[in-house]
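Encoded as structure tokens, the structure appears first; notes follow it.
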Amino acid sequence: MGLFDFFKKKETAPEAQEALSKGLEKTKEGFLSKLTKAVAGKTTVDDDVLDNLEEVLVTSDVGVSTTLKIIERIQQRAARDKYLSTSELNHLLRDEIQLLLAENNSNDFRKFEYGDHKPYVIMVVGVNGVGKTTTIGKLAHKLKAEGLKVVLGAADTFRAAAVEQIKLWGQRVDVRVVAQAMGSDPASVAFDTIQSAVANGEDVVIIDTAGRLHNKIGLMNELGKIKKVMEKVIPGAPHEILLVLDGSTGQNAFEQCKQFTEATDVNALAITKLDGTAKGGVVIGISDQFKIPVKYIGVGEGVNDLQLFDKKAFVDGLFK
Ligand SMILES: Nc1nc2c(ncn2[C@@H]2O[C@H](COP(=O)(O)OP(=O)(O)O)[C@@H](O)[C@H]2O)c(=O)[nH]1
Ligand SMILES: [Mg+2]
């Protein structure tokens, strides 16, 4: 079975939906209680309600420009229907957010075309501490469970602990890890990993990287160099440049997304740590502003706490 089939056949199972609502609990509580306050004492959606709603969205880390877009849509509905009741607002808001995500996240993960890449190469980028290595471990576990042969490359050679950490994940989920000594050239680790994956007939290569955001030029050069050696082994690789963002950092995640998308060709996002935060609204704002599909969300530290992002399930989870 190829990657394509794997992602195509997945639907959000009831257990996954439950894990998702649990992971989103804090965001949901914050959001719904603010929403309740926003309409308290009001029966119809008037300008006051819209003002309050704007504040709810901004303080839920949806981001200003996305908030304005949503408010504008609700405003249009309210203008058409003067007596739009506040009790309908929840549904309306849910529908509008879902529509917005659908427009922006048109590459729904389950329908994403992978072609026949073997191995399929994923380069994982993002600043230190956002959850790259953990996401890699969880993803490897998921792919392996589907019968795919996965190999990890420890190209975060900056800290000894980083190399050890990915090796540990390799043991934990029982996948091969290619590593060199701390301080060695990340590009050389990437090269070794991909070359051995080709030799071994492995299906997916996932390369960890260091999250040093010293400056944009430095970052560009570093990631550019790793990318170049990948391409040398497999033209067209990396097929996926996955940017990992820590959802609990709210507006910082927007800033990091901006910097990394300027430095390299990010074509997929993973947003982590949604379980411990009330800032889950970042998922909505980031997918709207950057037009890069959110593919995964992290809702915990455990091996099963990674989910394929399902827009509908996500938004439903916020309103349930
Ligand atoms: N609660 C929670 N913690 C996470 C999640 N993803 C990663 N972490 C934790 O965040 C910390 C940093 O993760 P790590 O993978 O080392 O980040 P890296 O530096 O980007 O590789 C670790 O303690 C992880 O257990 C998540 O989805 N939820
Ligand atoms: Mg790491």
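The values are calculated or read from the model by the stated rules, or taken from the named source; none is laboratory data. What you see is a predicted model; the values in this text were computed from it and never measured. Because the Cβ atoms are built from the backbone with ideal geometry, glycine has one as well, and the counts that use them run over all protein chains shown. The area values use the complete protein model at the heavy-atom level, side chains included, leaving out ligands, DNA and RNA. Shrake-Rupley method; radii C 1.70, N 1.55, O 1.52, S 1.80 Å.
Each Cα pair under 8 Å and six or more residues apart adds its separation to the average, and for segment 113-309 the resulting relative contact order is 25 percent. The packing ranking, built from the mean of other Cβ atoms within 10 Å per residue, places the peptides 42-50, 125-133, 270-278 in the order 270-278, 125-133, 42-50, highest first. The value of relative contact order for segment 15-103, using C-alpha pairs under 8 Å at least six residues apart, is 29 percent. A straight chain from R176 to E164 at 0.36 nm per residue would run longer than the Cα-Cα distance by 3.0 nm.
For segment 287-320 and segment 20-46, write down the distance between their C-alpha centroids in whole Å. Each part's Cα centre sits 19 Å from the other's.
Note on S87 and E72: the model spin-label points, each 7 Å out from Cα along the C-beta direction, lie 3.2 nm apart. On the principal axes of its alpha carbon atoms, segment 174-320 extends 48, 36, 28 Å, with the longest extent given first.
Full extension of the chain segment joining K225 with E255 gains 8.5 nm, where the gain is 0.36 nm per residue of separation less the Cα-Cα distance.
Relative to its Kirkwood radius, the Cα radius of gyration of the chain gives an Rg/Rh of 1.02.
Rounded to 0.05, the FRET efficiency of the R94 and K216 pair, given R0 = 45 Å and the Cβ-Cβ distance, is 0.75.
Accessible surface computed residue by residue for the chain, with neighbouring protein chains in place and a 1.4 Å probe, gives 43 Å² per residue. The Cα-based radius of gyration and maximum Cα-Cα distance (Dmax) for segment 15-103 are 13.3, 41 Å. In this label model, S65 and K26 are separated by 2.8 nm, measuring between points 7 Å along each Cα→Cβ vector.
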